[in-house]
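The values are calculated or read from the model by the stated rules, or taken from the named source; none is laboratory data. Values in this document were obtained by computation on a predicted structure and should not be read as measured data. Cβ: placed from backbone, ideal geometry, glycine included. Neighbour counts: every protein chain shown.
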Amino acid sequence: MPFSNQEYLHLLPFIIIGVGIVFSVVIELITKKSREILPWFSILLFFSTALYSIYTIHNKYILFNGMIQVGGKAAIFNFIFNFAALLITMSSIGYLKKYGSNFGEYYILIQSAVLGMMVMAGSKDILMIFLGLELMSICFYVLAGLNRKKHSANEASLKYFLLGAFATGFVVYGIALIYGVTATTKIDILIQNFSAQSSNIIFVTGLILFIIGFSFKIAAFPFHMWVPDVYQGSATTVTGIMSTAGKAAAFSVLIITLTAVYTVNSPNIFSPYFAAIATLSMLFGSIVALTQDNLKRMLAYSSISHAGYMAIGLTASNSYSISGIIFYLAAYTFMNIGAFSIISIIEGENDSRTNIQNITGLNASKPMLAAFMSLFMFALAGIPPLAGFFGKYYVFIGAIKSGFTWLAIIGVFSSVISVYFYLRVVVFMYFKNPTEDINTDTSTFSYSAVIISGAMVLLLGLMPDLLLNLILSVVNW
Amino acid sequence: MLSIPIEYYLILSAFMFIVGVTGVLIRRNAIVVFMCIELMLNAANLSLVAFSSYHGNPVGQIFVFFVMTVAAAEATVGLAIIIAIFRNKLTVNVDEINIFKW
């Protein structure tokens, strides 16, 4: 069937990034200055895609014979992915020189990973979910091992690769079983048949395998073992995008999986599963993070517990809690990228200076960095009126509306535990005397990434309705 | 003509999948672990093809092409990672690749 020009026009966000990747490869090929040009080219691509996606959010179309959708939830996710990539690219400019692997390929891989995430969030066919997932994951495996001479990076990348590919095996086998029962891979047809099939044991097994595969990607508790090692071993900026945009992409797929539940009120047969991983991830992440001294590792465990809070929304699975998850993902993206950008500024050569002791007395030498770090830590801990608080608040309210009050109580309890290790960072920065001289490489672009994330955290905290109403207006599409 | 019933394919495929999962969990050589992952993907491919033929619907077979292509891309990256780690540590035993502990 021929496709109209109109279809290509609606696909513009994908085309911008896709064509951008091809151009970036050519730039990398023909000029030796590619590492100066490519960051700016990527920033341009991400900025235009983010802006275009949010601008055309109400133009909802299903394109290419029901393969991919644009507008609606997908547009919000595209905005999150591209904004995250934009901030990470900004803080990478200075960081990569310090990290010792300033390759132009880095930016091309980030662009490809973002394209994969956009395909995942917009997919209307399981085939597209699979392709998007692999495009994103394979780029991340390479990015994790970016510096091939570093043992830590090697190890991170091997662990990520083996467990990521293992998860892919589950996803593909799950898809095979789902296809076997329904003879289709179209998500819309699956949604219509969801209630009728939900007592079919093969269909449910298939979906469970599919969801387990994605539980690896969101870093939920029983499937979390790669998270701390990979987050600590990878380059800090790569960790920044993996933990935010990568998690958001995996959540977008889980939300698509549960579409039948919150749009046409099919029974949520997966509630017990999500309730279990939510409880375990929240408590495990918060408790283990208490003992961590390495900042990246501490944020990795905190990332596990944040996956738990978001999984509460999946347990409840009504339109309100799903909107809460999307809001939470946006908030989490900004606070986490801000925190990782600050760590990338402080970090020295050879992974040094990533421990909490290294930021002792940061306030004396770099008051601005200390102030922003405290802002992000307060936001991650969920202290009002910052973005993280409203993320948790909306998810918990959604859970209570569906009768999961006990889960919301565990959530509040776990965030009380987590306040300890977030505030510990603040205590080290403000109430201890400096032991060593912190001379950071002053890169203006990293600072601007920090400032933009900080501004977004404040904006989403002071005016949460701005984003939440937008999400609520499109959540059922 | 007598044809093989679909259950046979499904049982074989489930068996291959379980062998793959077990292999990933108990083997310690990174390359063998990777082979077991490929076994899991191929188990899924077998199911897809069997279902596709059973339903008389080509989508499953097309899916298999995509899975194979992606598996090839994944193998490229995976083997490159394993080579990089072998150059640095002269081992591919996943138990000895343990800088990070809690």
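Within the range A:299-330, how many residues are of a type in the set (A, V, I, L, M, F, W, C) and over 20 Å from A:Thr263 (Cβ atoms)?
5
Can you give me the number of residues within the range B:70-102 that are of a type in the set (Lys, Arg) and surrounded by 15 or more Cβ atoms within 10 Å (Cβ to Cβ)?
The total comes to 1.
Would it be correct to say that A:Gly180 is more than 8 Å from chain B (Cβ to nearest Cβ) and either part of a loop (DSSP other than H, G, I, E, B) or not hydroxyl-bearing (Ser, Thr, Tyr) (or both)?
The answer is no for A:Gly180.
Any residue in the range A:47-55 that is more than 20 Å from A:Leu460 (Cα to Cα) and in a loop (DSSP other than H, G, I, E, B)?
No; the residues of the range A:47-55 include none that is more than 20 Å from A:Leu460 (Cα to Cα) and in a loop (DSSP other than H, G, I, E, B).
Find the residue count for the range A:146-161, including only residues that are more than 8 Å from chain B (Cβ to nearest Cβ) and without any contact (Cβ under 8 Å) to a residue 40 or more places away in the chain.
Residues meeting the conditions: 0.
Taking the stated definitions as given, is B:Val67 facing chain A (nearest Cβ under 9 Å), buried (at least 17 other Cβ atoms within 10 Å of the Cβ), within 17 Å of A:Val172 (Cα to Cα) and free of Cβ contacts under 8 Å to residues at least 24 places away in the same chain?
Criteria not met by B:Val67.
Which one is surrounded by the fewest Cβ atoms within 10 Å (Cβ to Cβ) among residues in the range A:119-138 that are within 13 Å of chain B (Cβ to nearest Cβ) and charged (D, E, K, R)?
So the residue we want is A:Asp125.
Just name the residue that is farthest from A:Leu163 (Cα to Cα) out of those in the range A:201-226 that are touching a residue at least 60 places away in the same chain (Cβ under 8 Å) and within 11 Å of chain B (Cβ to nearest Cβ).
Filtering the range A:201-226 for residues that are touching a residue at least 60 places away in the same chain (Cβ under 8 Å) and within 11 Å of chain B (Cβ to nearest Cβ), the one farthest from A:Leu163 (Cα to Cα) comes out as A:Met225.
Kindly list, by first and then second residue, each pair from a residue in the range A:64-75 that is within 19 Å of A:Thr185 (Cα to Cα) to a residue that is surrounded by fewer than 23 Cβ atoms within 10 Å (Cβ to Cβ) and among the small types (Gly, Ala, Ser), limited to pairs with Cβ atoms under 9 Å and residues at least 6 apart or on different chains.
none
Consider A:Gly164 against the criteria (1) more than 7 Å from chain B (Cβ to nearest Cβ); (2) crowded, with 24+ Cβ neighbours inside 10 Å; (3) within 23 Å of A:Asn350 (Cα to Cα): it satisfies all of them except one. Which criterion is unmet?
(3)
Among the numbered criteria (1) away from chain A (no Cβ under 11 Å); (2) among the β-branched types (Val, Ile, Thr); (3) in contact (Cβ under 8 Å) with a residue 40 or more places away in the chain, which single criterion is violated by B:Thr22?
Here B:Thr22 clears every test but (3).
Quick check on this structure: which one of A:Ala219, A:Ala249, A:Ala235 is crowded, with 22+ Cβ neighbours inside 10 Å and either at positive phi or modelled with pLDDT under 90 (or both)?
Going through A:Ala219, A:Ala249, A:Ala235 in turn, the sole match is A:Ala219.
Can A:Tyr55 be described as among the hydroxyl-bearing types (Ser, Thr, Tyr) and surrounded by fewer than 24 Cβ atoms within 10 Å (Cβ to Cβ)?
Spelling it out, A:Tyr55 is indeed among the hydroxyl-bearing types (Ser, Thr, Tyr) and surrounded by fewer than 24 Cβ atoms within 10 Å (Cβ to Cβ).
If A:Thr239 satisfies every condition in (1) more than 9 Å from the chain's Cα centre (by Cα); (2) farther than 30 Å from A:Leu190 by Cβ; (3) more than 14 Å from chain B (Cβ to nearest Cβ) but one, which is the exception?
Every condition holds for A:Thr239 apart from (3).
Would you be able to say whether some residue in the range A:446-459 is more than 21 Å from the chain's Cα centre (by Cα) and crowded, with 19+ Cβ neighbours inside 10 Å?
Checked against the condition, which is being more than 21 Å from the chain's Cα centre (by Cα) and crowded, with 19+ Cβ neighbours inside 10 Å, the range A:446-459 yields at least one hit.
Can you run down the residue pairs with Cβ atoms below 9 Å, 6 or more apart or on separate chains, where the first is in the range B:79-95 and more than 9 Å from every other protein chain (Cβ to nearest Cβ) and the partner is loosely packed, with under 14 Cβ neighbours inside 10 Å and outside any helix (DSSP H, G or I)?
Listed by first residue and then by second, the contacts come to B:Asn93/B:Arg28; B:Asp95/B:Arg28.
Looking at the range A:140-161 only, could you name the residues that are surrounded by fewer than 22 Cβ atoms within 10 Å (Cβ to Cβ) and among the small types (Gly, Ala, Ser)?
Passing the criteria: only A:Ser152.
Which residue out of A:Val181, A:Val230, A:Val264 is in contact with a helix residue (DSSP H, G or I) (Cβ under 8 Å, 6 or more places away or on another chain) and crowded, with 24+ Cβ neighbours inside 10 Å?
A:Val230
Take the range B:25-42 and flag every residue that is surrounded by 19 or more Cβ atoms within 10 Å (Cβ to Cβ) and in contact (Cβ under 8 Å) with a residue 60 or more places away in the chain.
Across the range B:25-42, the qualifying residues are B:Ala30, B:Val33.
Quick one: what pairs do we get from the range A:312-332, first residue within 22 Å of A:Ile241 (Cα to Cα), second of a type in the set (D, E, K, R), C-beta under 8 Å, 6+ apart or different chains?
A:Ile326/A:Lys73; A:Tyr328/A:Lys392; A:Leu329/A:Lys247; A:Tyr332/A:Lys247
Could you check how many residues of the range B:54-64 are surrounded by fewer than 19 Cβ atoms within 10 Å (Cβ to Cβ) and more than 7 Å from chain A (Cβ to nearest Cβ)?
5
Taking the range A:263-304 as the region of interest, how many residues are in contact with a strand residue (DSSP E or B) (Cβ under 7 Å, 6 or more places away or on another chain) and of a type in the set (D, E, K, R)?
The total comes to 1.
Of the residues that make up the range B:18-27, is at least one out of contact with any helix residue (DSSP H, G or I) (no Cβ under 9 Å at 6 or more places or on another chain) and of a type in the set (Lys, Arg)?
Scanning the range B:18-27, I find no residue that is out of contact with any helix residue (DSSP H, G or I) (no Cβ under 9 Å at 6 or more places or on another chain) and of a type in the set (Lys, Arg), so the answer is no.
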